[in-house]
Structure formats: C-alpha cells, structure tokens
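Structure record follows, encoded as structure tokens.
The values are calculated or read from the model by the stated rules, or taken from the named source; none is laboratory data. Quantities reported herein were computed from a predicted structural model and do not represent experimental measurements. Every residue, glycine as well, gets a Cβ built from its backbone with ideal geometry; the counts of neighbours run over all protein chains shown. Each accessible area value is taken on the protein alone, full model and side chains, heavy atoms only, with ligands, DNA and RNA left out. Shrake-Rupley method; radii C 1.70, N 1.55, O 1.52, S 1.80 Å.
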Amino acid sequence: MGRLAPRPLLLALLSLALCRGRVVRVPTGTLVRVVGTELVIPCNVSDYDGPSEQNFDWSFSSLGSSFVELASTWEVGFPAQLYQERLQRGEILLRRTANDAVELHIKNVQPSDQGHYKCSTPSTDATVQGNYEDTVQVKVLADSLHVGPSARPPPSLSLREGEPFELRCTAASASPLHTHLALLWELHRGPARRNVLALTHEGRFHPGLGYEQRYHSGDVRLDTVGSDAYRLSVSRALSADQGSYRCIVSEWIAEQGNWQEIQEKAVEVATVVIQPTVLRAAVPKNVSVAEGKELDLTCNITTDRADDVRPEVTWSFSRTPDSTLPGSRVLARLDRDSLVHSSPHIALSHVDARSYHLLVRDVSKENSGYYFCHVSLWAPGHNRSWHKVAEAVSSPAAVGVTWLEPDYQVYLNASKVPGFADDPTELACRVVDTKSGEANVRFTVSWYYRMNRRSDDVVTSELLAVMDGDWTLKYGERSKQRAQDGDFIFSKEHTDTFNFRIQRTTEEDRGNYYCVVSAWTKQRNNSWVKSKDVFSKPVNIFWALEDSVLVVKARQPKPFFAAGNTFEMTCKVSSKNIKSPRYSVLITAEKPVGDLSSPNETKYIISLDQDSVVKLENWTDASRVDGVVLEKVQEDEFRYRMYQTQVSDAGLYRCMVTAWSPVRGSLWREAATSLSNPIEIDFHTSGPIFNASVHSDTPSVIRGDLIKLFCIITVEGAALDPDDMAFDVSWFAVHSFGLDKAPVLLSSLDRKGIVTTSRRDWKSDLSLERVSVLEFLLQVHGSEDQDFGNYYCSVTPWVKSPTGSWQKEAEIHSKPVFITVKMDVLNAFKYPLLIGIGLSTVIGLLSCLIGYCSSHWCCKKEVQETRRERRRLMSMEMD
C-alpha cells in the first residue's frame, strides 16, 4: 500500500479537469502474435475534452490469474516487480500518440506474454459515466513459418537482354491455427526498391509499378510449384530487370472477420545481371565518286546475338561529321519487317543479315558530305510485341563528289569616272575566257564596296547587291535605300557583262569597288547549286577634295555723283573647284550709323537667281518701283543700277553671290556663297536740318472732350521755299504710362495730302489736317479711357533738288507727350442716383399699400377675438 500513497494527491489534481462520460477502448477480438515478434496494443479514451494529457494504467493477467500492474503513464512505482527489468531494458514501453491515446509495446514477445491486457484510466468524475477500462486477449504462437531460396548461397544469373529467367522461393507454415501466407517479389538496384509482383493473403495478384503491362501480357508471371514453392518467371529480360531479388513472405490470420498480419520474413533469392548486347556498324571512311555516277556504300553489322532478333537499318546524311547536330536527314530505312522506305533515286538492299547496301544514283555536288548507318536490334516479346535490345551508329563515311569546275576569268573596269561630286559613275564587270560546253552553268554577280583607308587599317567589305541562281537581286544595307530611289542601278546588258551605275556620286562613295561572279550548276531536280566564285581586281573611285573658292569683286564705274543721278555697281565673280557653276546675286544695303530708325541694319534690295529670275526683296519705295535694275552682263559679271538716287539711299552696297552646281539634271545644289567688297553712297550736302516737336493745349481732358495735338516742324540752316518742301507725317501712340509697349499707328498724311486712319476698337474718332506749312493737327473726338498714353509724330521731309527731283530726307521723330483722360464723376453717377431714388419711392409706396390692405381685410376678426379674451381674463382676475 505504500506505493499507492501518492494517488490521492494526483487524483485531486486531476479533479480540476471537467470531464463528461468517457469510454476506454482497446482492439476488439483476440490479438495473435508469434514468439519473437513485437506486440502493439493501442488504447484511447473517447469523449475526452480535458485540457491536459489523459493518464493510463496497464495491467496483465495470465489465463485464470488476477491482474498484475504492468505499466503506467503517470506513476513511476506502478509496475509490479516482475516487469521492472523488462521496462528498464525497453522491452516494454508506453508510447503516447495523443492526449487521449497511448500504445503498449512489447518487444520480443514470449509465450508467457499470452493472456489478458487491461487498459484503465483514473476517474475524477463526481458520478460514474461510461466505462474507465477495457480488456483485450492476446495469443502467442510458436514460430512455425519457414522461408528460404531454392539454392544457397543465392546464385548470380548472367543473362542477355531478351533471354528468359526464373526465380524460386519456398515458404511453409506449421501453425496450429488456420493462417494464410502472402508473398512479394522485390527488386533492389542500389538504394532503390521496386515491387515486381505480389500474391496477397486473399489469393490476388498485384503487379508493381511499371510491371502492369508486362504482367497482363504474360511476360512476368508468378506460379506455385508443389505445396511450398513460388516461382517468378520472366520470359524476356530487359536491362531494367538487373538487380538483387528478394522474396518477402508474411503470415496472416482471420479473427472475427478481420485479418491480422502476425509475422513477416524475407530472404535473398538471386542476383540477376543483364549483359549488354554487342552491336557494331562499320562503313568505309572515305569515298570519292565522280559527278553523275552511282554511290554505293556498305554497312556491315557485328553482334553477339544469334537468337531471333531483327535488325532495323537507317542511312542518314549530314553536312557535318556529327550526326547528332541539327540538319541531319534520313535517306533510306529498312524496318524490322524488311520493308524499305526511300526516295526514287536512292535504293537500300541487303545481301545477308549482316550486310546492307545504300545506292545513290546520279550523284551531284549536293551529295558531298557524311553518311551514317544507324542499326537497331529488336527482340520479340510476349503476345507478338517487340522491344529494342541494342542500338549502334557507325562512324561517318566521308563522301566527296568530284566535278569539273567552270573555268573563267572576271575583269572590272570603270567606263565613267567622276571628277566631282554628283558626277555619275559606271562600272562594268565582264566574264571572259569561258569554256565551251557550259550549257548547264549560269553566271551571277555580287557587288562589293571597300572604303579607302591606310594600309595598316583593317577594312571590311560592304555588300551592295547579290544575285541568286534564280536571278533574284537582293540589296545590301548600304545600297538598299539609294537603289529604291533610283540612284544605284544594277543591270545585266549581256550574258557575260554586268553593270553598276551611280547616278550621283557623293564623297562617301569614294573607295574601292569589286565584283564577284558566281557559277551555278544545274542539278537533276532542275535546281541550281553554286559551284565557283571568281573575284575581280578592285577599281578605285577617287577624286581630290578641295575647298570651293568663290571670289566677288565690286566696282563703281562712276565714283562721283550727286543726288538724283543714277548709281551703278558691277560685280565680277570668279570660282574654283566648283562643277559647272551658276550664280545667284543679291544686292544688300547697309545704312550708316547715323540712321536712327535702324542703325547698322542690312536690307535686301533686289535679287537674281541662277535661272536669271529677278525679284524685288525689301524695296518699299512705291514711287520708284522701277528705280532699281539688276541684270546679268556675262556668265560671271552682274550690273546693278539705281535711278534717281535719294539722300536716304546713302549706305554701303554689296553683292552677295551664291554658286550653284547642277544635281540630277534640273536640280541645283548650293556650292559656295561669298560677299563682295562694299561700295559706299555718301552725299555731302549742306541742306536744311529738320526737327519735330509735339504740343497739346489739353494734356488732361475729361472723357468725351476733344484732344488736340500739334506736330510742329522747324527748319534750321538754309531757307527753303515752302513749295520746295513736303512732309510725310504719321502719328503714333503708346497706350501705357511708360514706353514699354509697341507704338500703334493712329493716322498718317503723305506729302500729296492723302490721309490714312487706322481702325480702332473704341468709339472715339480721329482727324488729321495740315493747319500751316510746318504744323499738323491731330484731333481725338469723343475721347475714351483707352485714349490715354504717350503720343508722338514721325516726319519724313521731302526737298526738291535743283534738278527738279524730290529727295527723301531722313525720318525724324518728336518727343512724346502724355495725355490723361479723366472721368466726370457727377455725370457718371447722375442717372444711376435718379433711377435708384425713383425705384425706392415706388417700392415704399407699394409696401404701404399692401400692408394697409392686409390689416383691413385679413386680420380684423382675429383682433376682436383677442380683445374679448383679454376682457374675460380681466374679469376673472377681479373676481
């Protein structure tokens, strides 16, 4: 009782777990085991939802005796002394598989272990619900199973692939109970294991993975021989059958309808070695045959198989000595049924079972290459099946087809050589010294370009065009676009002449050109195969590049002249390194620095293009439209005339000449441009000096008032008759407080008295008049806010010369005057105030009328009732 003292404490701890009705279960029926095997009894508790592991106690009772403590999961001193040593040695142990499940393991079962085993769990429930223990019976039988191979030691079988073999295993049991045997044949190849074929304890056959087809075809069988022998038969051995074979036998017993495996034994039966089949294929190494003859190749087969095997022979062809590379093609094949598969001009035959001939008729150059003989041996299997037992490939047979190469020479010459850029280039490639009888030969050409470099530089050739055997012309990257544009022309004028023309040769086209003429031979299938290439010597296309030189010299035949006379300037042009030049001329004028409007401004006056077309450029003097003339005196000389010169024409005059070279007939390319030396027009006169000023009596006005602006001209120096003076007057305005905006032209009056007024976006009007000889009046009627700003006038004087012609003087500008436009506040707000007062009065009277009507008609009754109620309330208060 001393060892049970800790139980109350443990039971108290277990009582903390809330448990419902529980059922302890062990296997039903009787467990049967053989002496020396391992006994495993599982035990579990159903309907257990406790938070911790469930504890188990195991007890044992031999037949007819009381139960003895065997093992416990939670009490160390629970087992009886009889089992302490076996527990310490590990022969008896408990293995927990879950919180509510445990297994009892007894290794090396002895006859004394036969009896009843009880699994119980301590109860901490307040009331007993379910059962807390379960018992199972165990029977221990003597080992009566005998398993062994047919021979000892296990033999080693050496076989060829396709040969049959048999393996035997004996198995018998002398058990007093009715037991069944199950047998499995297992193949070991290194660490890998494969199930071959199994016979279950219920008498069913199960082939292993990969043996299903062989089992159903009868190639792999399992038979019984006598009462205790089992035979594994393989009718056709495969290379996969090599390895070590084991026979695994298990003994089974049926208890209450359930099968139990009571023991299992295995034995090594034999080691099978599959010898590879020796197979070689040999062909001649080097064969030479003339074009048009027959090619005969023999494939000799060597093998160590003499049984019923059938060869399959395949001849293949490749351009390389490696048959595994892409590009190999099959020529002919003889299958294992002796059926030949080939093309019409190829035959495959065999004299005996070891010699096979390939015959190629009417060979050509395309038959040169490497020939291979592929041989496969097929062995018959069960149920008319075949499987490959060996395969071999011969070394390549190098076949060379000899033929007579076309004999010819190629010469390249330049029929047109460019001297300048844009000149044409023409090359002719000729085939000479061709032999007669070349009816089956045609010639094509390829054109190449190589850039000129130093001798130590590596320069690659660029393909311009190539012609195939079917006369198809393909362009290279360098020439594709220019050939499409018609600049590169490739042609064949005769059967032996090929031409290449560059319509417009550029500097980038300089270099070496050569042609390659290819000879193509006609084949028996009417195709063409290139047989030879002959290169021409290169032709160098080159011209020296020198800078284009263009020199223009201007001169003045009459250096002294006065205003009103004719100005004449001639320009002589000389050029160098320019092909067939034509010239265009532009006359420019640079005004002197004293010109205030546009100092140092260069103006284009008149031009003449390379086709002798004259055009006025920036000549704006309408009175002298025909006053400038530019003409071509000679191919390299031009003359410019300006009639009735004005003082304002003073400046530096030049000829700007551009040289043009012809391109593609009617097109022109600019080659060079040059500017001549200047010719100066300078008038030394002591004429009057004109000044302009602006005056206004109304610099600040109210909107709507009249603005008056006077432009006053003063003359200093020599006195002039008023009839000898005329003025072009223009008025400008800058509508801003500063002069940061562009001036706007308001109105102008020319010297003939014609007034021109610009359109404006507001209502004020403008008028311009001449009030005296030297005064001009600008008036702004009905001024607006937008009319404020700076106003100034621009005056161009005209003076009559002694010869009677009018001379235009330099344009002068006055200083600006700022005009302010103010707003009339009283007039601006008079009408809005009157309208507002009137509307307010009307609305007020209307509001009073509406209020009176509402109170008189709508609210009268309610007021009386309200007064009556008040009087009643006062009476109640008095009471």
- Can you name the residue in the stretch 262-276 that is open to solvent by 20 Å² or more (accessible area, probe 1.4 Å) and either in a strand (DSSP E or B) or β-branched (Val, Ile, Thr) (or both) and, of all such residues, is farthest from LYS107 (Cα to Cα)? GLN275
- For the stretch 659-673, does any single residue satisfy the condition of being farther than 30 Å from ALA421 by Cβ, open to solvent by less than 40 Å² (accessible area, probe 1.4 Å) and not small (Gly, Ala, Ser)? no
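Could you pull out every one of the strands (runs of 3 or more DSSP E) wholly within the stretch 673-768 that has 2 or more residues that are within 18 Å of VAL795 (Cβ to Cβ)?
Filter on the stretch 673-768 gives 689-695, 707-716, 725-734, 744-749, 755-757.
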- So, first residue among the acidic types (Asp, Glu) in the stretch 796-810, second residue assigned to a strand (DSSP E or B), Cβ within less than 8 Å, six or more apart or across chains; the pairs are GLU809/PHE690; GLU809/THR796; GLU809/PRO797; GLU809/TRP798; GLU809/VAL799
- Message: Consider the stretch 533-563. How many of its residues are of a type in the set (Gly, Ala, Ser) and closer than 30 Å to THR425 by Cα?
- Response: 3
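Suppose the filter is among the aliphatic types (A, V, I, L, M) and modelled with pLDDT of 90 or more; does LEU167 pass it?
Spelling it out, LEU167 is indeed among the aliphatic types (A, V, I, L, M) and modelled with pLDDT of 90 or more.
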- Message: Condition first: at pLDDT 85 or above, basic (Lys, Arg) and touching a Phe, Trp or Tyr at 6+ places or on another chain (Cβ under 9 Å). Now tell me which residues in the stretch 533-570 satisfy that.
- Response: LYS537
- For SER783, indicate whether it is buried (at least 19 other Cβ atoms within 10 Å of the Cβ) and in a loop (DSSP other than H, G, I, E, B). yes
- Right, LYS615: free of Cβ contacts under 8 Å to residues at least 24 places away in the same chain, open to solvent by 70 Å² or more (accessible area, probe 1.4 Å) and in a strand (DSSP E or B) or not? yes
- Message: Please pick out the residue among ALA692, ALA671 that is over 60 Å from the mean Cα position of the chain (by Cα) and hydrophobic (A, V, I, L, M, F, W, C).
- Response: ALA692
- Query: What number of residues within the stretch 384-425 satisfy the criterion of being open to solvent by 40 Å² or more (accessible area, probe 1.4 Å), of a type in the set (A, V, I, L, M, F, W, C) and within 48 Å of the chain's Cα centre (by Cα)?
  - Reply: 3
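Could you say whether any residue in the stretch 513-528 is on the phi > 0 side of the Ramachandran plot, outside any strand (DSSP E or B) and modelled with pLDDT under 90?
Within the stretch 513-528, one or more residues are on the phi > 0 side of the Ramachandran plot, outside any strand (DSSP E or B) and modelled with pLDDT under 90.
Name the residue that is farthest from ASP470 (Cα to Cα), counting only residues in the stretch 526-542 that are out of contact with any Ser or Thr (no Cβ under 9 Å at 6 or more places or on another chain) and surrounded by fewer than 16 Cβ atoms within 10 Å (Cβ to Cβ).
Going through the qualifying residues, I end up with PHE542.
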- From the set of residues in the stretch 323-339 that are open to solvent by 30 Å² or more (accessible area, probe 1.4 Å), of a type outside the set (Ser, Thr, Tyr) and without any contact (Cβ under 8 Å) to a residue 40 or more places away in the chain, which is farthest from VAL363 (Cα to Cα)? ASP337
- Filter the stretch 342-362 down to residues that are assigned to a strand (DSSP E or B), surrounded by 13 or more Cβ atoms within 10 Å (Cβ to Cβ) and not polar (S, T, N, Q), then give me how many there are. 9
